Amino acid sequence: MAQSVLLTGAAGRVGEAILGGLADDHEWRLLDRNPPTDDQPGEFVVADITDDDAVREAMDGIDVVIHLAGDPRPEAPWDSVLTNNIDGTQTVFEAAVDAGVERVVFASSNHAVGNYETDARTPELYREHDDYLLDGTELPRPSNLYGVSKAAGETLGRYYHDEHDLSVACVRIGNLTEGHPPIDYERGQAMWLSYRDCAHLFDRCIRADYGYEIVYGISDNDRKYYSIERAREALGYDPQDNSAYYDGEERVAEPDA
Ligand SMILES: NC(=O)C1=CN([C@@H]2O[C@H](COP(=O)(O)OP(=O)(O)OC[C@H]3O[C@@H](n4cnc5c(N)ncnc54)[C@H](O)[C@@H]3O)[C@@H](O)[C@H]2O)C=CC1
Ligand SMILES: O=C1O[C@H](COP(=O)(O)O)[C@@H](O)[C@H](O)[C@H]1O
């Protein structure tokens, strides 16, 4: 069933991937501090997520929030992640609860667990033969202050689920790249998320039945060191792409029929 979805950070790359696949599947209200540069589905609210009144107004009549807005830079300084990623995310969760929204899907990141990639484990960790897997039950181990802000967002989600019964999914997104996996970048190939798998995963986050989940948002890459089993089990995620099917920009193999 189509849901009424508020998409924050709609003008960015993840927003583009989601809307590229799901524009006609839900009723969209898009929010970003930057206005849209091209045609978008639904209505567009130009607002900052730290503006409490504007965020509350944007929640009216919404079933599900997909919360992407924030500073996505791994090297982002503390003042920016504190304002945009932590304070902004708390504003979104609080407004969602007060408006009676059923569910918030939070864009977390691989950088919330980036320091599991120790010198002893890398670069073998990024290769197909290595069987080390993170499954989403491990504690955060951030690789930068941006990762700390994403771990904080996951914890805010846990609090709003436990205390206010909000359904929350935290998607630890890997490396979203359009068209093909990152080139000459093993880490990026291990955690590639294709645009179509991204749209499908967020659609499952909108539609599936769950309480609180942390899942990894990557394609079914042979090189993966993030398990996608929880995303399959809890959400019904069924990715179609795999960085191993590519030689540079060219797709050279098809999945078995
Ligand atoms: N692209 C990727 O591979 C990954 C992205 N993510 C997360 O996904 C989310 C989206 O990332 P991208 O689309 O790649 O970034 P992006 O920079 O392309 O898009 C972010 C959007 O959020 C908006 N925004 C930022 N701060 C805002 C604020 N305070 N109020 C309102 N709007 C604001 C920006 O204007 C921008 O349109 C971020 O939270 C990022 O941390 C996580 C892991 C990987
Ligand atoms: O969280 C994010 O992660 C991806 C992948 O990280 P990288 O350090 O391997 O590039 C990054 O591209 C994206 O900008 C960021 O938001």
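No value in this document is a laboratory result; all are computed from the given coordinates. Just so we're clear, the structure is a prediction, and the values are computed from it rather than from any experiment. Reconstructed Cβ throughout: ideal geometry from the backbone, glycine too, with neighbour counts over all protein chains shown.
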Can you pull out the GluC sites (Glu not before Pro) in segment 76-175 whose DSSP state is coil and whose Cβ has at most 14 other Cβ atoms within 10 Å? GLU102, GLU128, GLU138
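What value, in deg cm²/dmol to 500, does the helix sum -39500 (n - 2.57) over DSSP H runs of n ≥ 4 give at 222 nm once divided by the residues of the chain? Show your work: numbers first, answer last.
Details: 6 runs with 67 residues, N = 257.
About -8000 deg cm²/dmol.
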So what J values fall out for segment 113-123 if you push phi through Karplus, 6.51 cos²θ - 1.76 cosθ + 1.60 with θ = phi - 60°, rounded to Hz, Gly and Pro as x? 10, x, 8, 6, 7, 6, 4, 5, 8, 9, x
Test of the criteria: in segment 216-257, which GluC sites (Glu not before Pro) are in a DSSP loop and have at most 10 other Cβ atoms within 10 angstrom of their Cβ? GLU249
Collect residues whose amide H, placed 1.01 Å from N in the peptide plane, falls under 5 Å from the amide H of SER109; neighbours closer than 5 in sequence don't count. ILE173
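So what's the chain giving for Rg/Rh, alpha carbon basis, Kirkwood Rh from the mean inverse pair distance?
Details: Rg = 17.5 Å, Rh = 18.3 Å.
Ratio of gyration radius to Kirkwood radius: 0.95.
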Please tell me the relative contact order of segment 4-243 in percent, rounded to the nearest whole number, where contacts are Cα pairs under 8 Å and at least six residues apart. 19
Percent antiparallel among DSSP beta bridges confined to the chain, nearest 5, equals 5
Give the span of segment 151-204's Cα atoms along each principal axis, as three whole-Å numbers ordered largest to smallest. 44, 22, 11
Ratio of Rg to Rh over segment 3-115 (Cα coordinates, Kirkwood Rh, two decimals): 0.95
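Using a cut-off of 12 Å between beta-carbons, work out the net charge of the residues near CYS198 (Lys and Arg +1, Asp and Glu -1, CYS198 not included). Before the final figure, lay out each step's value.
Values: positive: ARG13, ARG196, ARG204; negative: GLU16, GLU178, ASP197, ASP203, ASP241.
For residues surrounding CYS198, the net value is -2.
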With θ taken as phi - 60° and the coefficients 6.51, -1.76 and 1.60, list the Karplus ³J(HN,Hα) couplings across segment 234-250 in order, rounded to whole Hz; mark glycine and proline as x. 7, 10, x, 5, 9, x, 10, 10, 7, 4, 5, 7, 10, 10, x, 8, 9
Show the residues, 5+ positions off or on another chain, whose built amide H is closer than 5 Å to the amide H of ILE214. CYS170
